[in-house]
Amino acid sequence: MQKNFNILICDDDEIIGYLVKELLVEEGYNADIVYDGNEAISAIRQKNYDLLILDLNLKTLRGEEVLNFVKDYDKTIEVIILSAETELKLAVQCVKQGAFDFIQKLYYTDELIPTVNRALYQKNLLQKTEILQKELDKISPIEIIGKSDSIIKLLSLAQRAAQSDSNILIEGETGTGKELLAKFIHKNSNRKNNSYVTINCASLPDQLLESELFGYEKGAFTDAKSTKRGLVEISNRGTLFLDEIGELSLSIQPKLLRFLENGEYRRIGGITNLKSDVRIICATNRNLMEEAEKKNFRKDLLFRLNVITLNIPPLRERKEDITLLVDHFLNIKSKSKVKKTLSDEALKVLMNYSFPGNVRELEHIIERAVIFSENNIIKADDIVIPRNATKQKFINSSEDIPDYVTTLEDLEKWYIQKILYQNNLDRTKTAQQLGISIKTLYNKIKTYHLIDGS
């Protein structure tokens with residue numbers, strides 16, 4: 001087990017405190033000593049500790065009061081009680097109140113290190129479980145599929161970048177697999193046995209995003225009923241993936257910049273600086289340099305983030321990978337024992353498509369084809385893709401849009417009806433051209449009364 005944990009010893013007996021620290025340091029742990037309960041509380045507020053070794057018989061503040069503070073302040077800090085023989089009943093009560101275990105001072109030299117190891121193993125396990133729970137809905141094999149020169153080169157660069165602790169910026173269009181590459185880097189790094197945490201910067205309002213990143217102190221705002229650790233703290237010694245970093249607001253950017261400069265941060269409502277050792281990987285589908293020129297993104301933050309820049313090529317530029325990706329998606333999407341296969345005509349349809357949604361779009365196309373194809377051979381008619389040329393012409397040409405089209409609903413109604421009559425009311429062809437299902441098209445026809453008698 002890794003030994004770079006922070007341990008706080010609180011004992012008013014200076015000799016025992018010193019001897020306990022010597023045992024821990026000898027074992028490879030980082031250890032600090034304080035000599036009363038108030039000092040322990042102050043130290044915990046100022047530094048991230050993984051474990052507290054706590055004497056019960058303190059002069060200024062009883063050990064059980066310190067325990068209560070710790071469990072209220074940060075439940076992830078494990079506590080081991082040091083007790084005298086006369087305090088065994090109280091020590092057992094402390095365990096019931098949340099302490100990990102207790103050690104009698106008479107036997108601490110024999111029991112200390114095994115008990116510390118067990119406590120930190122449990123902490124590590126609980127932390128990984130917490131992260132795993134957040135990631136359960138995102139689980140997928142960390143396998144980047146491709147044989148194109150561009151993908152082979154990208155993976156080679158990513159493996160080399162993984163060996164450093166430098167910040168990484170991953171650029172690429174939507175659906176190219178930026179998060180998958182971030183996970184690949186983490187799993188090939190020296191931090192692979194520690195936490196991998198992800199957050200989407202576009203999915204949360206500013207205040208909530210700040211509290212998710214940096215945490216908050218109890219009482220910082222109305223609903224802050226207990227102290228909450230932020231993701232920079234949870235991912236300590238691991239990797240933090242910031243997706244859609246280009247959407248980060250200008251009010252949050254300086255706080256992230258400060259953290260990147262020295263690893264220090266403050267919880268919301270806090271007055272002390274905390275430190276965390278985190279490797280930052282970011283992803284964006286924007287051109288951040290252009291955003292910086294427009295004053296939408298800080299240049300100093302950009303220069304901190306893109307120490308290493310990796311660019312994932314779009315699928316249309318590596319079409320030799322389509323066959324491999326199709327085979328992969330057929331393997332995981334086919335629910336029956338017999339895997340479905342793609343006809344030559346169906347593959348030709350895919351090879352002639354530009355995939356604006358990239359690999360994610362290909363996955364959805366294959367999933368839909370697997371579900372609706374009538375036998376184990378997926379035909380060209382089972383491949384439902386929008387016809388970009390027609391759509392692009394429509395988007396770029398507004399002169400034929402009637403004057404009565406003034407709302408999005410009018411626009412949708414008019415365009416669906418236009419494509420329907422262009423295709424002589426062929427519903428299947430129209431649905432394919434619009435990139436929607438037959439069922440959705442029928443619902444639109446009925447809702448908008450697009451055909452006489454509908």
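Here are some notes:
- Test: residue in region 308-319 that is surrounded by fewer than 19 Cβ atoms within 10 Å (Cβ to Cβ), under 30 Å from residue 233 (Cβ atoms), in contact with a Leu (Cβ under 8 Å, 6 or more places away or on another chain) and among the aliphatic types (A, V, I, L, M): yes
- Taking the conditions (1) under 30 Å from residue 217 (Cβ atoms); (2) of a type in the set (D, E, K, R); (3) more than 37 Å from the chain's Cα centre (by Cα) in turn, residue 111 satisfies each one other than (1).
- Taking each residue of region 203-221 that is within 14 Å of residue 256 (Cα to Cα) and looking for partners that are of a type in the set (A, V, I, L, M, F, W, C) and assigned to a loop (DSSP other than H, G, I, E, B) with beta-carbon atoms closer than 7 Å, six or more apart or interchain, yields 206/252; 209/201; 209/252; 210/252; 212/204.
- Summed over region 411-441, residues that are assigned to a helix (DSSP H, G or I), among the hydroxyl-bearing types (Ser, Thr, Tyr) and surrounded by 14 or more Cβ atoms within 10 Å (Cβ to Cβ) total 2.
- Exclusive hit being within 23 Å of residue 267 (Cβ to Cβ), surrounded by fewer than 23 Cβ atoms within 10 Å (Cβ to Cβ), modelled with pLDDT of 90 or more and hydroxyl-bearing (Ser, Thr, Tyr), set 227, 198: 198
- Residue within region 13-26 that is under 37 Å from the mean Cα position of the chain (by Cα) and among the small types (Gly, Ala, Ser) present: no
- Wholly within region 344-400, helices (runs of 4 or more DSSP H) carrying at least 1 residues that are modelled with pLDDT of 90 or more and within 18 Å of residue 436 (Cβ to Cβ): 344-351, 358-372
- Matching residues, region 1-14, being surrounded by 16 or more Cβ atoms within 10 Å (Cβ to Cβ), modelled with pLDDT under 90 and within 30 Å of residue 192 (Cβ to Cβ): 5
- Given (1) modelled with pLDDT of 90 or more; (2) under 17 Å from the mean Cα position of the chain (by Cα); (3) outside any loop (DSSP other than H, G, I, E, B); (4) closer than 30 Å to residue 294 by Cα, index of the condition residue 185 fails: (4)
- Some residue of region 165-180 being touching a residue at least 60 places away in the same chain (Cβ under 8 Å), basic (Lys, Arg) and part of a helix (DSSP H, G or I): yes
- Where a residue in region 56-71 is closer than 14 Å to residue 91 by Cβ and its partner, wherever it lies, is of a type in the set (Ser, Thr, Tyr) and crowded, with 16+ Cβ neighbours inside 10 Å, with Cβ under 8 Å and at least six apart: 56/83
- Residue within region 96-117 that is of a type in the set (Gly, Ala, Ser) and either out of contact with any Lys or Arg (no Cβ under 9 Å at 6 or more places or on another chain) or not assigned by TED's automatic domain parsing to the domain that holds residue 30 (or both) present: no
- So residue 155, is it farther than 21 Å from residue 267 by Cβ, free of Cβ contacts under 8 Å to residues at least 40 places away in the same chain, not in a loop (DSSP other than H, G, I, E, B) and not charged (D, E, K, R): yes
- Residue under evaluation residue 404, criteria (1) surrounded by 13 or more Cβ atoms within 10 Å (Cβ to Cβ); (2) among the aromatic types (Phe, Trp, Tyr); (3) modelled with pLDDT under 85, criterion not met: (1)
Yes/no per residue for (1) without any contact (Cβ under 8 Å) to a residue 12 or more places away in the chain; (2) not assigned by TED's automatic domain parsing to the domain that holds residue 180:
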| residue | (1), (2) |
| --- | --- |
| 298 | no, no |
| 302 | no, no |
| 327 | yes, yes |
| 343 | no, yes |
| 352 | yes, yes |
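Conditions (1) in contact with a helix residue (DSSP H, G or I) (Cβ under 8 Å, 6 or more places away or on another chain); (2) under 17 Å from residue 167 (Cβ atoms); (3) assigned to a helix (DSSP H, G or I), marked per residue:
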site: 301; (1), (2), (3): yes, yes, yes
site: 321; (1), (2), (3): yes, no, yes
site: 327; (1), (2), (3): no, no, yes
site: 331; (1), (2), (3): no, no, yes
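- For residue 234, the stated conditions do not hold, so it cannot be described as over 24 Å from residue 42 (Cα atoms) and among the β-branched types (Val, Ile, Thr).
- Qualifying residue in region 249-266 (condition: surrounded by 15 or more Cβ atoms within 10 Å (Cβ to Cβ), closer than 30 Å to residue 354 by Cα and in contact with a strand residue (DSSP E or B) (Cβ under 8 Å, 6 or more places away or on another chain)): no
The values are calculated or read from the model by the stated rules, or taken from the named source; none is laboratory data. In this text, all values refer to a predicted model and were calculated from it rather than measured experimentally. All Cβ positions, glycine included, derive from the backbone under ideal geometry; neighbour counts span all protein chains shown.
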